[in-house]
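Novice: One structure, pasted below without further comment.
No lab work stands behind these numbers, since they all come straight from the coordinates. For clarity, every value in this text was computed on a predicted model and none was experimentally measured. FYI the Cβ positions are ideal-geometry reconstructions off the backbone, even for glycines, and counts take in every protein chain you see.
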Amino acid sequence: MAKHRFRSSYWQYRSYKAGYLPSLTVGGNLPSFDRSFQQVLLPEGQVLLENRSASWSANASINQRIGPTGGQVFLSSNLRRLDNFTDSATYTQYMSTPINIGYNQPIFKYNPFKWEKKIEPMKYKEAKKKYLEDMEQVSMNATNYFFNLLLAQIQLKVAKINLANYDTIYKIAKGRFNLGTIAENELLQLELEYLKAGSRLEDAKINVDNVMYQFKSYLRIKDDQPVELIPPDKITPFEVDPSKAIAEARANNSEALGFERRLIEAEQSVNMAKMNGRFDMDLYAVYGLTQRSVEFNKVYNNAIPEQKLTIGVTLPIVDWGVARGKIKMAESQRELIQTQVEQDQIDFDQQIFLKVAKFNMQDEQVNISAKADTVAKKSYEITKARYLIGKISVTDLNIAQQNTDNSTSSYINTLRTYWTSYFEIRKLTLYDFEKNLPITIDYKELL
């Protein structure tokens, strides 16, 4: 999906670049037939004359856009044949324009090409960075599906162990109850915990099946092979410098790159409002050669010069403040966007700083959580042994059981937080701080 989104942006950029290359156009009429009455002014007055004619034409032109000025230069050539039909004969005439060189230039109008040349390369650069960010987001999503399944599998193992433990303890408790060494209330509590353990085991099995389906679906694993995950607890500690992270994020992140583009687009809107609906002027000039003949083989002989010059002027006299209102609206919108961008830049830097601070703490958090899990397991084993010799109550045993279950889940979730933070830093900065290298790709491979 990320690849196809990038391809769309690439072809949009290619279309923009192609718009500044010369274009060749060929056209014509084969033929155009006209039979109608036309009003003609003669010395004796206006009369209606029947027109019966056919025209055949072919033309070719090369056009070149002039981006900085918004004008267009063109080179054209055309040939036309005109047939007039009467009751007695057909009169044929040929007209040719071997070559015409022309220029069309709006003088006081809004020039979209000038702004397009600033904005489109920025959009394409953002698209490149967005692809890399999307790939890091894929890593984050895969990490979450991985830990969902890992946690479910570990909880299933824990549920099986807990059921076996409570089964053993419940059988021992029934023997003690028969000997009269424990009260019936304690036996009933253990029976209840045994039943709960069985219920939790069934829930854990269902949960594993559910998250296994999601895991395989995201990774497009279509076989029915069992998957057993290994906790990724082999972590190479490294520190991320907040200042460097902010600098890399400003240079690489698509959102940060978009700040400058948003400001330019706001200026574009103001310029459009100022130039449109005001004093306009267009210049159209053509110089070339032309000729006509009743014989096709002479239509290109002794061509004579052809010149055209048109200057069009539009001057609005009264618009009741419409143009001024549009300008003020565009200026207000520009000021709003400038304020928003300033705030977004501050928030963006703060976000990077907080994410880095959180990541730099995760290595120690993983170590603490691993130690807590180990301590909880040892504590449970000791508590279980003490209960079996009758030193503590069933309540203490249940508390120890809950603590060890919670510590195991907490450890897996701490690992999840570390790895999601790891990929989040990569996504925000597009920099691999572990290897101290920017994240790059050969974009040609995507096309």
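Novice: With each label point set 7 Å from Cα along the Cα-Cβ vector, what nm distance links residue 14 and residue 350?
Specialist: Reported label-point gap for residue 14 and residue 350 is 4.3 nm.
Novice: Additional query: Figure the gain on full extension for residue 75 and residue 379 (residue separation times 0.36 nm, minus the Cα-Cα span) and round it to one decimal in nm. Can you show the working numbers first?
Specialist: Details: separation 304, 0.36 × 304 = 109.44 nm, distance 9.00 nm.
Length gained, residue 75 through residue 379: 100.4 nm.
Novice: While we're on this one: Can you tell me how the range 284-356 classifies by the Cα gyration tensor, rounded, prolate or oblate, using a/c under 1.5 as the rounded cut?
Specialist: Values: a/c = 7.84, a/b = 2.41, b/c = 3.25.
Taking the square roots of the gyration eigenvalues as a ≥ b ≥ c, the range 284-356 is oblate.
Novice: OK, next. Among all stretches of the chain without exposed trypsin sites (Lys or Arg not before Pro) (DSSP loop, at most 11 other Cβ atoms within 10 Å), which one is longest?
Specialist: The longest uninterrupted stretch comes out as 1-219.
Novice: Rank these for me by crowding, 419, 115, going from fewest to most other beta carbons within 10 Å. Mind showing how you got there, number by number?
Specialist: Working: 419 20, 115 17.
Least to most surrounded, the residues fall as 115, 419.
Novice: Can you list which of the GluC sites (Glu not before Pro) found in the range 189-247 are DSSP loop residues with at most 16 other C-beta atoms within 10 Å? Don't skip to the end; give the middle numbers.
Specialist: On the way: sites: 191, 193, 202, 228, 239; in loops: 228, 239.
The qualifying sites are 228, 239.
Novice: Per-residue HN-Hα couplings for the range 121-131, Karplus 6.51 cos²θ - 1.76 cosθ + 1.60 at θ = phi - 60°, whole Hz, x for Gly and Pro?
Specialist: x, 5, 4, 5, 5, 4, 4, 4, 5, 5, 4
Novice: Are any of the pairs 123/274; 17/118; 109/328 more than 21 Å apart by Cα-Cα distance, and if so, which?
Specialist: Working: 123/274 25 Å; 17/118 12 Å; 109/328 18 Å.
In this structure, 123/274 exceed 21 Å between Cα atoms.
Novice: Right, next: Of the listed values (1) 31, 29, 20; (2) 45, 23, 19; (3) 83, 28, 21, identify the label whose number matches semi-axes √(5λ) of the Cα gyration tensor in Å calculated from this model.
Specialist: From the options (1) 31, 29, 20; (2) 45, 23, 19; (3) 83, 28, 21, the structure gives (3).
Novice: By how many nm would the segment from residue 367 to residue 265 grow when fully extended, if each residue of separation counts as 0.36 nm and the alpha-carbon distance is taken off?
Specialist: Working: separation 102, 0.36 × 102 = 36.72 nm, distance 4.90 nm.
Extending this stretch completely gives an extra 31.8 nm.
Novice: Shape verdict for the range 147-252, please, from the Cα gyration tensor: rounded (a/c under 1.5), prolate (a/b greater than b/c) or oblate. Present the calculation step by step, with values, prior to reporting the outcome.
Specialist: On the way: a/c = 4.11, a/b = 2.17, b/c = 1.90.
In terms of gyration-tensor shape, prolate.
Novice: I would also like to ask the following. When 389, 246 are ordered from fewest to most other Cβ atoms inside 10 Å of their Cβ, what list results? Let's see the in-between values first.
Specialist: Details: 389 7, 246 20.
Lowest to highest Cβ neighbour count: 389, 246.
Novice: Still on this structure: Show that you can apply the helix-only estimate: for the chain, add -39,500 (n - 2.57) for every DSSP H stretch of four or more residues, divide by all residues, and state [θ] at 222 nm to the nearest 500.
Specialist: The helix contribution divided over the chain gives -21000 deg cm²/dmol.
Novice: Could you give each residue of the range 219-235 its phi-based ³J(HN,Hα) in whole Hz, using Karplus coefficients 6.51, -1.76, 1.60 with θ = phi - 60°, and x for Gly or Pro?
Specialist: 8, 6, 8, 9, 7, 9, 5, x, 10, 10, 8, 10, x, x, 9, 8, 10
Novice: From the Cα gyration tensor of the range 99-178, with a ≥ b ≥ c the square roots of its eigenvalues, which class applies: rounded if a/c is under 1.5, or else prolate if a/b is larger than b/c, or else oblate? Display every interim value, and only then the final one.
Specialist: Details: a/c = 10.14, a/b = 7.14, b/c = 1.42.
It comes out prolate by the Cα gyration axes.
Novice: Between residue 294 and residue 276, what is the spin-label point distance in nm, taking each point 7 Å from the Cα along the Cα→C-beta axis?
Specialist: Placing both labels 7 Å along Cα→Cβ, they lie 5.4 nm apart.
Novice: Given the Cα-Cα distance of residue 333 and residue 446 and 0.36 nm per residue of separation, how much length would full extension add, in nm? Before the final figure, lay out the partial values.
Specialist: Working: separation 113, 0.36 × 113 = 40.68 nm, distance 3.77 nm.
The residue 333-residue 446 span can extend by a further 36.9 nm.
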